[in-house]
Amino acid sequence: MSSYLNLSGVNKMFGDFQALDDVNLDIERGEFVTFLGPSGSGKTTTLMIIAGFEQATKGRITIDGKPLDGLKPYQRNIGIVFQNYALFPHKTAVENVYFPLQMRGVGRREGLEKANRMLELVGLKGFSERHPKELSGGQQQRVALARALVFEPSLLLLDEPLGALDKNLREQMQIEIKRIQKRLGVTTIFVTHDQTEAMSMSDRIVVFDKGRIEQVADPLELYHRPNTRFVAGFVGESNIMAGHVVDATAGLAECAVFGSCRYPADDRFSNGQAVNILIRPEHLKISRKAPESGEWATMTVDTIVNYGDNALVIGHSGDHPVRVRVLGADVVIIKEGEDCHISWRPEAVHIIAET
Amino acid sequence: MNRLMKAIGFVVVCFIAAPLVIVVPMSFSDARSLQFPPPGYWLGYYEAYFTDMSWLRPTWNSILIASATTVLTMILVVPATFALVRHKFYGKSVANVMMLMPMAVPHIVMAVGYYSYFGQMRLVHTHLGVILAHSCLSVPIAFLVLSANLKGFDRTLERAAQSLGASPMRTFIHVTLPILRPGLLISALFAFIQSFDETVVAIFISGRDAETLPRKMFDSIRQEADPVIAVISTLLFVVVLIGLLTPYLVKALRGRLRKTNAGSEAPPAALAPQE
Ligand SMILES: Nc1ncnc2c1ncn2[C@@H]1O[C@H](COP(=O)(O)OP(=O)(O)OP(=O)(O)O)[C@@H](O)[C@H]1O
Ligand SMILES: [Mg+2]
């Protein structure tokens, strides 16, 4: 069992403050992994420890079986794209990209040629002679990417590289980065606190909270089967209700809000166990009449937020807020302030152990 | 309101520029001593300046002393600034105050101090003595300029360089130093000007052998009010003017070059070996 990048038991203390708490992670060669988590959850700290700019208080890291301990940042052969790009202002785009080659003793002619090819790959043909301040944010981003890739690093780290870009450019760069990463096959860790970015780009997502890894899973798994209440709430929109298991073998739980809920039986739970019941807003169906079969509850509509193709209906059932996502065409059947029925299928119910 | 501001600005500029308006014409004057307005004009005092060793020697001394002061100041200030701006250590705030001390103490006090202290060390009336004293006065100025620059320096650039394979030494040479170059140059320039301009300490300790230009001018104005002083002042003014205008000229010239370059559309020019 050998993964390409391995972190085991990594701890980091800043004085008394524990920034990382027993981080264990395996990443395969060529994988695109995203670190997702709220501000201050330890994403950057983990990256900086891998890059060698911070020392782990405990734990070890290996790349391809070789431990990184004792290697200085400049000996690690890891490419990094920083949030503010960190391009050298006194060098042109192509000189920036040539820099890592220069440091590796590649001759100027050969190095500049290679740097130009890399700039071409990131879509910056014809911009090589410009200085960073003569480039737009997105273009600077591409130069930074080219610079971090040109020396064929064993690992590529990107710390919120798209944070400073506007929405359109951001989406464009997401696709670009993914394309280049696939083409070069470089193992990549991408940090973001934007969950849609994480969902759309990653092979796997690592969710951080308070210096701990909450869950590692592929995007769909993470969305549909979150391990913890935190992940369920952080990734996507959700209705989370506290309840307990009634019949573990049959797959039946109960909560105050929706009454009894059947769910796909799972042997991880036992009768009477306190759980959280998760139903995604798009899995709830609104109707005026009570459904004849299946499970349902009543809800009072408070607000309808229209997005054109779909709408978010925010209401409450008892004291509990409920969110329902409906298709744009269906929203005409309800009005704000009215009562209606919501129904769902057992497959849409996901049970999370209370911790 | 805006007009009033402009008027005030104009008056202030006139007030500041007034000495120039008087000094420059006086340098071309044919009067026997400083006199304004000049009775007539000639270039005789320029000739006098460029042929009289008693003026040229102090000029040379000043250039020599200011240059050496600049070098010594920068050797001291660059490492000190990096230490004080970037590192935490015990007694840092005290060290900070010490660096700025020479600026707070009146020059005359420093001068008396040097006179007696250097006297014991046989450094009075030597170039070395003046260089040491001037360096002491230049350090705080150079430090202030450089530390302001260093504080604004984005350290992720250094991290980036290291992640790209540059050791700390090469990071310093290839990234830190070039980016700080304008700050270093200005810092050095201030050190140079400080020394070149310094009079009080020079009067006390430069003596005959290491006599600086300001000291010679001071002596001269006291004794004979030789119009050569106006010549020197004018020359200094011209030198400073050139120094101030050079960056703008260079910029304008570069902009022009770039425009002509962009016109001829050079494809991957970087493929050709440069520099
Ligand atoms: N040098 C440091 N000294 C002290 N505390 C630090 C240091 N660097 C980070 N921390 C703390 O460690 C925690 C994790 O920080 P980190 O930068 O890894 O968060 P992050 O997940 O990258 O957050 P963000 O999304 O805001 O970038 C934070 O609480 C932060 O305050
Ligand atoms: Mg961060």
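Rule-based calculations on the coordinates, nothing more; no lab input. Quantities reported herein were computed from a predicted structural model and do not represent experimental measurements. Cβ coordinates were reconstructed from backbone atoms using ideal geometry, including for glycine residues, and neighbour counts include every protein chain displayed.
For the residue pair A:Gln273 and B:Leu43, what label-to-label distance in nm results when each label sits 7 Å from Cα along the Cα-to-beta-carbon direction?
For A:Gln273 paired with B:Leu43, the spin-label model returns 10.2 nm.
Using only helices, what value at 222 nm comes out for chain A when you add -39,500 (n - 2.57) per DSSP H run of length 4 or more and divide by the total residues, to the nearest 500 deg cm²/dmol?
-7000 deg cm²/dmol
Could you go through region A:132-138 in sequence order and give the Karplus-derived ³J(HN,Hα) for each residue, using 6.51 cos²θ - 1.76 cosθ + 1.60 with θ = phi - 60°, rounded to whole Hz, and x for Gly and Pro?
My calculation for region A:132-138 gives x, 6, 9, 10, 6, x, x Hz in order.
Considering only the other residues whose Cβ falls under 14 Å of the Cβ of B:Lys216, what net charge follows from Lys and Arg at +1 and Asp and Glu at -1?
For residues surrounding B:Lys216, the net value is -4.
From Cα coordinates alone, what are the radius of gyration and Dmax values for region A:5-229 in angstrom?
Computed over the Cα atoms of region A:5-229, radius of gyration and Dmax are 17.5, 56 Å.
Along the Cα→Cβ direction, 7 angstrom out, place labels at B:Ala95 and B:Val71. What is the inter-label distance in nm?
Label at B:Ala95, label at B:Val71, 2.6 nm between them.
May I ask you to list the trypsin sites (Lys or Arg not before Pro) in region A:244-345 that are in a DSSP loop and have at most 15 other Cβ atoms within 10 Å of their Cβ?
In loop regions of region A:244-345 (DSSP not H, G, I, E or B), the sparsely surrounded trypsin sites (Lys or Arg not before Pro) are A:Arg268, A:Arg288, A:Lys289, A:Lys335.
Find, among the GluC sites (Glu not before Pro) in region A:3-58, those assigned to loop by DSSP (not H, G, I, E, B) with at most 15 other beta-carbon atoms within 10 angstrom.
Hits after loop and neighbour filter: A:Glu28.
What is the distance in Å between the Cα centres of region B:90-139 and region A:200-246?
So the two Cα centres are separated by 66 Å.
At 7 Å along the Cα-to-beta-carbon direction for both A:Ala164 and A:Arg109, put a label point, then send me their distance in nm to one decimal.
Here the answer is 3.6 nm between the modelled labels.
For the charge dipole of region A:5-229, defined by +1 on Lys and Arg C-beta atoms and -1 on Asp and Glu C-beta atoms about the Cα centroid, which residue among A:Val106, A:Leu145, A:Asn96 has the Cα displaced farthest towards the positive pole?
A:Val106
Apply the Karplus curve 6.51 cos²θ - 1.76 cosθ + 1.60, θ = phi - 60°, to the phi angles in region B:105-122 and return the couplings in whole Hz, x for Gly and Pro.
6, x, 4, 5, 5, 4, 4, 4, x, 4, 4, 7, 5, 5, x, 5, 8, 6
Need the C-alpha centroid separation for region A:259-333 versus region B:215-236, integer Å.
If you average the Cα positions of each part, the centres end up 94 Å apart.
May I ask you to evaluate 6.51 cos²θ - 1.76 cosθ + 1.60, the Karplus curve with θ = phi - 60°, for each residue of region A:8-20 and list the ³J(HN,Hα) values in order in whole Hz, giving x for glycine and proline?
Running phi through 6.51 cos²θ - 1.76 cosθ + 1.60 with θ = phi - 60° gives 10, x, 7, 10, 9, 10, 10, x, 8, 8, 8, 7, 10 Hz.
Taking the Cα centre of chain B as origin, work out the dipole magnitude from +1 charges on Lys and Arg Cβ and -1 charges on Asp and Glu Cβ, in debye rounded to 20.
Dipole about the Cα centre, nearest 20: 1120 debye.
Contact order normalised by length for region A:5-229, with contacts defined as Cα pairs under 8 Å and 6 or more residues apart; what percent is it?
Normalised by residue count, the contact order of region A:5-229 is 29 percent.
If you fit an axis through the alpha-carbon atoms of helix B:213-223 and take the longest principal axis of the Cα set of chain B, what angle between them do you get, 0 to 90°, nearest 10?
20
Below 15 angstrom from the Cβ of A:Val313, what's the summed charge of the other residues (Lys, Arg +1; Asp, Glu -1)?
Net local charge, A:Val313 excluded: -2.
Could you give the distance between the Cα centres of region B:1-52 and region A:1-44, to the whole Å?
Region B:1-52 and region A:1-44 have Cα centres spaced 71 Å from each other.
Nothing charged except the Cβ atoms of Lys and Arg (+1) and of Asp and Glu (-1): what's the magnitude of the dipole of the protein assembly as shown about its Cα centre? Round to the nearest 20 debye.
1980
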